[in-house]
Amino acid sequence: MFHHFFHPLAFLHFVTVALVLMAVVMFLKARCGFARHRCGAGRESNPRRDTENSAFEDYRRATITRLEKEAEEFRSYLDGLRRAADASAFQAFLQARKNGESSAS
């Protein structure tokens with residue numbers, strides 16, 4: 001009853017179908033992104049793409065520059081906080097050592 005499933009050419013049929021499916025998936029990935037529902041989806045989200053609106057491009061560049069400057073200032077502020085915390089911990093260690101206490105940390 002199931003003798004035709006065990007025929008040597010049946011395995012070749014399954015391999016061929018699998019290869020065709022893999023080729024289709026690779027084509028779709030290359031063509032329009034496999035995870036997207038349609039080929040044009042996601043193009044609007046590219047932040048580096050220039051638009052034809054010069055006023056918007058000027059605003060976008062100014063905003064990105066401002067945000068990069070604020071990010072750098074924030075990183076500098078965090079570095080200062082880390083240095084202050086490290087200095088405080090080091091001073092506490094020196095004070096404990098001076099008082100003869102041993103720290104188990």
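The values are calculated or read from the model by the stated rules, or taken from the named source; none is laboratory data. Model, not experiment: these values are computed from the prediction. So basically every Cβ, Gly included, is an ideal-geometry build from the backbone, and we count neighbours across all protein chains shown. Heavy atoms of the whole protein, side chains included, go into the accessibility calculation; ligands, DNA and RNA do not. Shrake-Rupley method; radii C 1.70, N 1.55, O 1.52, S 1.80 Å.
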- Query: How do Glu72, Glu52 rank by accessible surface area computed with a 1.4 Å probe, from largest to smallest?
  - Reply: Glu52, Glu72
- Message: Would you calculate the convex hull of the Cα atoms in region 46-97 and tell me its volume per residue in Å³?
- Response: 57 Å³
- Message: Test of understanding: what is the full-extension gain from Thr63 to Glu101, defined as 0.36 nm times their sequence separation minus their Cα-Cα distance?
- Response: 8.4 nm
- Query: Tally Lys and Arg at +1 and Asp and Glu at -1 over the other residues with C-beta under 12 Å from the C-beta of Arg75: what net charge comes out?
  - Reply: -3
- Around Ala23, with a cut-off of 14 angstrom between Cβ atoms, what is the net charge of the other residues, counting Lys and Arg +1 and Asp and Glu -1? +2
